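Below you'll find the structure, written out as structure tokens, and then a few comments.
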Amino acid sequence: MSDGEPLVRWQWIGDHAGELADYTGIHLRLGLLPVLFGLIISVPLGILCHRRRWLYGPVLTVANILYSIPSLALFMIFVKYTGLTERTVMIPLTLYTLSVLVPNVVDGLASVPEPVRQAATALGFGPIRRVVQVELPIAVPIVIAGVRVAAVSSISLVAVGQLIGQGGLGYYITRGLQLDFPTPIVTAIVLIMLLALTTDALLVLAQRLLTPWSRSKVTAS
Amino acid sequence: MNDLLNQLRLVGDWLASSKQWHGDGGIPQRLLEHLTYSGLSLLFAALIGLSLGLLVGHTGRGAFAVAGVANLARAIPTFGLVVLVVTLAGLSTTPVLVALVALAVPPILINTFEGVRGVDPATRDAARGVGMTEWQVLVRAEVPMALPLILLGLRIAAIQVVATATVAAYPGLGGLGRFIVDGLSRNDYELVIGGSALVVVLALVVQIVFAALRRTIVSPGLRATVSKS
């Protein structure tokens, strides 16, 4: 970087506001769709692990191993199959969410008091209706605690996808390095953190709205 | 499935060609670089994270700040931070190592804190009751009981550091990520997938090391209770 170059040139941000907004939208999609997909996989998988306890260990081991594989390497493995597309970024990010979401679904279901379960059965709830209408709502705070961790990590990881041309705001990180110009990099970092923390705050709000009965005891892990 | 076999064959071919194993930029050198970056930053992060986590966990002071730091730290795009550090400080190892340490401290700190905080107050009182000093309460009662979570924090930090050391190749550092980044810029898929395979193997070895650690140093009575992430 040349001497005297400020960390942030505000002029640049003003000039690129429209473009920044576009990339912010892409970034949110790349970061949040995997959390949604992860949830769609984790809820049934978590219910299954809760019912068939022996499954939980192996499922968790596989999820943890996937989580431990660095994103850059995992992206490259998928490039062969899905090319340089958004899917190549979203599939690994989806896999990463499982290591937080599955255990939180299982823990959430385990937090349902036995008398509640029995009362639901006594009222004539079948196994499926009982899970959907009684157990899952009670599990919501713990599940959302997991969704918060998954969403924040996912949004901050998207940037690495720029190495295969699909990184949302990560575009400005590589651009800044190529131009030897810190402003785009700082802007991207700040915007990504803002996206992550705003999403986190909205999830806390969503949890309060979804579980009015538990407002006094919000759990975060 | 056939594709997967082809990928594996590609990795095999790349690993088998002897030029990868010698001299400048060979696999041993890159692996050593990767292990040095990751090991050093994990060591420093552990020194900082463990001492702070034990202090806050034991005294209970600063708990709110710890939770805030953990949340904020997860939101930092590690790739952006490493690239920014190189842009500002130039291409040398130390600034990047400092960034890696900064990224690895929070998971160690928060899990150590939660581990110590989560020790049953009755156990703590019992330790004091049998005449232990505060230091002994910490070292002989709280730390052993917090070990599963402390190890979890170290494991998450290790995963983080190994992954970030991989992307540090993009702004020009060494390490195993070098193969992936160079392969990408040369359109050499064999190099990309070979490098990725090495990174995957390294990540798995790290997992195995931590699993083994847990088996050897965590008290048998505590092993069943670890499931928190």
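The values are calculated or read from the model by the stated rules, or taken from the named source; none is laboratory data. Fair warning: this is a prediction, and the values are worked out from it, not measured in the lab. Reconstructed Cβ throughout: ideal geometry from the backbone, glycine too, with neighbour counts over all protein chains shown.
A few remarks follow.
- Verdict on B:Val86 being within 12 Å of chain A (Cβ to nearest Cβ), in contact with a helix residue (DSSP H, G or I) (Cβ under 8 Å, 6 or more places away or on another chain) and not basic (Lys, Arg): yes
- One residue alone among A:Leu95, A:Leu20, A:Leu45 is within 16 Å of the chain's Cα centre (by Cα) and either over 14 Å from A:Gln166 (Cα atoms) or among the aromatic types (Phe, Trp, Tyr) (or both), and that residue is A:Leu95.
- Candidate set: segment A:1-41, residues that are within 18 Å of A:Ile173 (Cα to Cα) and among the small types (Gly, Ala, Ser); chosen: the one modelled with the lowest pLDDT: A:Ser2
- Where A:Gly146 falls short, out of the listed (1) in contact (Cβ under 8 Å) with a residue 40 or more places away in the chain; (2) over 30 Å from A:Pro113 (Cβ atoms); (3) surrounded by 19 or more Cβ atoms within 10 Å (Cβ to Cβ); (4) not basic (Lys, Arg): (2)
Residues are listed down the side, and each one gets a yes or a no for (1) more than 14 Å from chain A (Cβ to nearest Cβ); (2) out of contact with any helix residue (DSSP H, G or I) (no Cβ under 6 Å at 6 or more places or on another chain):
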site: B:Asp3; (1), (2): no, yes
site: B:Asn6; (1), (2): no, yes
site: B:Leu10; (1), (2): no, no
site: B:Trp14; (1), (2): no, no
site: B:Arg30; (1), (2): no, no
site: B:Ser38; (1), (2): no, no
site: B:Ser41; (1), (2): yes, no
site: B:Ala45; (1), (2): yes, no
site: B:Gly53; (1), (2): yes, no
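- The residues on offer are A:Val102, A:Val106, and the sole one that is part of a helix (DSSP H, G or I) and touching a His at 6+ places or on another chain (Cβ under 6 Å) is A:Val106.
- The conditions of being crowded, with 24+ Cβ neighbours inside 10 Å and either on the phi > 0 side of the Ramachandran plot or of a type in the set (Val, Ile, Thr) (or both) are met by B:Thr112.
- Single match in B:Ala70, B:Ala65, B:Ala16 (criterion: touching a residue at least 12 places away in the same chain (Cβ under 8 Å) and of a type in the set (A, V, I, L, M, F, W, C)): B:Ala70
- The residues on offer are B:Gly194, B:Gly174, B:Gly183, and the sole one that is outside any helix (DSSP H, G or I), surrounded by 18 or more Cβ atoms within 10 Å (Cβ to Cβ) and either touching a Phe, Trp or Tyr at 6+ places or on another chain (Cβ under 9 Å) or among the aliphatic types (A, V, I, L, M) (or both) is B:Gly174.
- Residue check, A:Ala151 buried (at least 24 other Cβ atoms within 10 Å of the Cβ), part of a helix (DSSP H, G or I) and within 21 Å of the chain's Cα centre (by Cα): yes
- For segment A:31-59, a residue qualifies if it is without any contact (Cβ under 8 Å) to a residue 12 or more places away in the chain and either touching an Asp or Glu at 6+ places or on another chain (Cβ under 9 Å) or of a type outside the set (A, V, I, L, M, F, W, C) (or both), and the qualifying residues are A:Pro44, A:Arg51, A:Arg52, A:Arg53, A:Gly57, A:Pro58.
- Restricting segment A:109-134 to residues that are away from chain B (no Cβ under 11 Å), under 23 Å from the mean Cα position of the chain (by Cα) and assigned to a helix (DSSP H, G or I), the residue that is surrounded by the most Cβ atoms within 10 Å (Cβ to Cβ): A:Leu109
- Any hit, segment A:83-95, residues being within 14 Å of chain B (Cβ to nearest Cβ), within 30 Å of B:Asp188 (Cβ to Cβ) and β-branched (Val, Ile, Thr): yes
- Matching entry among A:Leu101, A:Leu28 (being within 12 Å of chain B (Cβ to nearest Cβ), touching a residue at least 24 places away in the same chain (Cβ under 8 Å), within 12 Å of the chain's Cα centre (by Cα) and within 21 Å of A:Leu195 (Cβ to Cβ)): A:Leu101
- Members of segment B:85-100 found to be within 21 Å of B:Ile156 (Cβ to Cβ) and not small (Gly, Ala, Ser), listed by number: B:Val96, B:Leu97, B:Val98, B:Leu100
- Some residue of segment B:25-44 being among the charged types (D, E, K, R) and closer than 30 Å to A:Pro184 by Cβ: yes
- Flag for B:Thr166 being facing chain A (nearest Cβ under 10 Å) and either crowded, with 24+ Cβ neighbours inside 10 Å or at pLDDT below 90 (or both): yes
- The one condition from (1) facing chain B (nearest Cβ under 8 Å); (2) surrounded by 14 or more Cβ atoms within 10 Å (Cβ to Cβ) that A:Pro141 does not meet is (1).
- Enumeration of residues in segment B:20-37 that are surrounded by 16 or more Cβ atoms within 10 Å (Cβ to Cβ) and outside any helix (DSSP H, G or I): none
- All positions within segment B:1-50 that are charged (D, E, K, R) and within 25 Å of B:Gly172 (Cβ to Cβ): B:Lys19, B:Asp24, B:Arg30, B:Glu33
- Screening segment A:1-76 for helices (runs of 4 or more DSSP H) wholly inside it with 2 or more residues that are closer than 17 Å to A:Val190 by Cβ and hydrophobic (A, V, I, L, M, F, W, C) returns the ranges A:10-15, A:17-51.
- Restricting A:Leu195, A:Leu169, A:Leu163 to residues that are surrounded by 21 or more Cβ atoms within 10 Å (Cβ to Cβ), at pLDDT 95 or above, at the interface with chain B (Cβ under 9 Å from one of its Cβ atoms) and over 14 Å from the mean Cα position of the chain (by Cα) narrows the list to A:Leu169.
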